[in-house]
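The values are calculated or read from the model by the stated rules, or taken from the named source; none is laboratory data. Values in this document were obtained by computation on a predicted structure and should not be read as measured data. Note: ideal-geometry Cβ built from the backbone for every residue, glycine included; neighbour counts use all protein chains shown.
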2 protein chains.
Amino acid sequence: MAMTRRTATETRELIRATALRLFAERGYDATTMRLVAQEAGVAVGNAYHHVASKDVLVQELYLEVNRTHVAVARERLQPGDLGERLRTTWHAALDVFAPFHRFGAESIGAAVRPGSPASPFSPASAPSAELARGLLADVVDGATPRVPADLRDDLVAALWLAHLGVTAAWVHDPTPDARRTRELVDAAAPLVSRLVRLARLPVAHGVAGDVLALVGRWAPHPSGGAA
Amino acid sequence: MAMTRRTATETRELIRATALRLFAERGYDATTMRLVAQEAGVAVGNAYHHVASKDVLVQELYLEVNRTHVAVARERLQPGDLGERLRTTWHAALDVFAPFHRFGAESIGAAVRPGSPASPFSPASAPSAELARGLLADVVDGATPRVPADLRDDLVAALWLAHLGVTAAWVHDPTPDARRTRELVDAAAPLVSRLVRLARLPVAHGVAGDVLALVGRWAPHPSGGAA
DNA sequence: ACGTTCAGTTGAACATGTTCAACACGACAT
DNA sequence: ATGTCGTGTTGAACATGTTCAACTGAACGT
């Protein structure tokens, strides 16, 4: 009697929300597509009609986590030393990632396969990557000591790679509360600051520029910067 | 009448060889465990009795490829500049990897999942990693300019990470003959040389040591070095 | 001879990501 | 009313990695 049909967007959102909830509750492996469909009250085939693959749902989760990270980091960031700002940013990431550690360990595998939409370099994860790069650009721009203008873009690209590195370390980190990774961040962040300072000296500026240019050619640049 | 049974090692080797052949012929996805079993003339269950999982077979392939790489690189290496030696080493890697590009793109996904034995950091791939680190240690030790002794171990660890980076770039590189990755290598190798030279200056030695120490704490060291 | 043992072997069965041909039903023209 | 159309939906079917209980046969003690 009542209309049983839904609009495509509604169903898709229903599936997405269900999947994200289940991911958080039970991890990647235990979140079966059949379970997602059942919990969402749709047929398996229907889920696949609206969502291309399980990878896409992972992707949606990454995006949501990234959004939260950016929000939390922006709230905590204070003007000042670049190293300190990086430290804040990365600790914020670890705080936001925390509930998904089990998930990360289980699913990151799918996230690095080149064809897959979950690879950080793939076009499908461009939104997530762009979010992170935008945040890092702000971190750099609002920091003292001032970063040499000619290095700025490439530095942001390099920091994004470093961010991926921190994430990778976190995934492999079995210590409680990611203590090891936090130590890494605490040691690495001030080092970045020192390296930037070093890059202003004439002896080092050339090499620094070349290193960053190389990295920049291989990692995507932030497109917009801050709003 | 004749004995149909085989020793465990024989069967295992048969399965291993068949799998490696099929991997090279048809890539990762097309090499089904059922196909491996069939081509090896055993039952599926038997294959699993001798080989824990498909990942393990991938691992065996990695090991074989690594062995070849080390051999080829050792043959080509000439005494001289560190950058040039790195260039030789990495180009050798790309040459050896070449036939498996399709394979790499298909299977690397499984190679980065932390639990999986295929992760470069996992104990299961320690032999492969050790092989590569040993080679890089030789590259460093036989190079001029002489690398400061206190940096040597950590530098090798860092170069191993760089080697993983080169591999990752190669996996994602769609250009013919991995041209893009070769450009990366051609640019990165001399930079390493310059950085090492820079690290001898008093202004930079401190930071360089700290950076390498940080990397060294996070990447495994070579255990033995050259024979 | 006969039973026991045990390494090696078998194939069916299971779980899961994914595909597909068919179905349901509201809207809309006639 | 009736037929047509298209979006949303269904569940069975498929491929594949993996598991498991049962089987085989050679070796060996008695």
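The single condition from (1) among the hydrophobic types (A, V, I, L, M, F, W, C); (2) closer than 21 Å to B:Arg102 by Cβ; (3) in contact (Cβ under 8 Å) with a residue 40 or more places away in the chain that B:Ala8 fails is (2).
Listed by first and then second residue, the pairs with beta-carbon distance under 9 Å, at least 6 apart or on different chains, first residue in the range B:145-174 and over 16 Å from B:Ser128 (Cβ atoms), second charged (D, E, K, R) and outside any helix (DSSP H, G or I), are B:Pro145/B:Asp81; B:Pro145/B:Arg200; B:Pro148/B:Arg200. Please name all residue pairs, on different chains or six or more residues apart, with Cβ atoms under 9 Å, provided the first residue is in the range B:30-54 and is not assigned by TED's automatic domain parsing to the domain that holds B:Glu106 and the second residue is of a type in the set (Phe, Trp, Tyr) and near DNA strand D (Cβ under 7 Å from one of its atoms). Within 9 Å, the pairs are B:Met33/B:Tyr48; B:Ala37/B:Tyr48. Being surrounded by fewer than 19 Cβ atoms within 10 Å (Cβ to Cβ), at pLDDT 80 or above and in contact with a helix residue (DSSP H, G or I) (Cβ under 9 Å, 6 or more places away or on another chain) is true of A:Pro99. Reported count of residues in the range A:192-207, each being in a helix (DSSP H, G or I) and either more than 10 Å from chain B (Cβ to nearest Cβ) or crowded, with 19+ Cβ neighbours inside 10 Å (or both), is 8. Between B:Thr89, B:Thr68, the distinction of being surrounded by 20 or more Cβ atoms within 10 Å (Cβ to Cβ) and either within 30 Å of B:Leu159 (Cβ to Cβ) or touching a strand residue (DSSP E or B) at 6+ places or on another chain (Cβ under 6 Å) (or both) belongs to B:Thr89 only. Restricting B:Ser107, B:Ser125 to residues that are within 11 Å of chain A (Cβ to nearest Cβ) and modelled with pLDDT under 95 narrows the list to B:Ser107.
Put simply, of A:Thr31, A:Thr68, A:Thr89 the only residue that is of a type in the set (Ser, Thr, Tyr), at pLDDT 95 or above and over 23 Å from A:Ala169 (Cα atoms) is A:Thr31. Consider the range B:35-81 and keep the residues that are within 14 Å of chain A (Cβ to nearest Cβ) and part of a helix (DSSP H, G or I). The one that is farthest from DNA strand C (Cβ to nearest atom) is B:Val58.
For every residue, the table says whether it meets (1) more than 14 Å from chain B (Cβ to nearest Cβ); (2) polar (S, T, N, Q); (3) in contact with a Phe, Trp or Tyr (Cβ under 8 Å, 6 or more places away or on another chain); (4) exposed (fewer than 15 other Cβ atoms within 10 Å of the Cβ).
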position: A:Thr144; (1), (2), (3), (4): yes, yes, no, yes
position: A:Val147; (1), (2), (3), (4): yes, no, no, no
position: A:Asp154; (1), (2), (3), (4): no, no, no, no
position: A:Thr167; (1), (2), (3), (4): no, yes, yes, no
position: A:Thr181; (1), (2), (3), (4): no, yes, yes, no
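In the condition set (1) away from every other protein chain (no Cβ under 11 Å); (2) buried (at least 20 other Cβ atoms within 10 Å of the Cβ); (3) of a type in the set (D, E, K, R); (4) out of contact with any Pro (no Cβ under 6 Å at 6 or more places or on another chain), A:Asp177 is compliant with all but (2).
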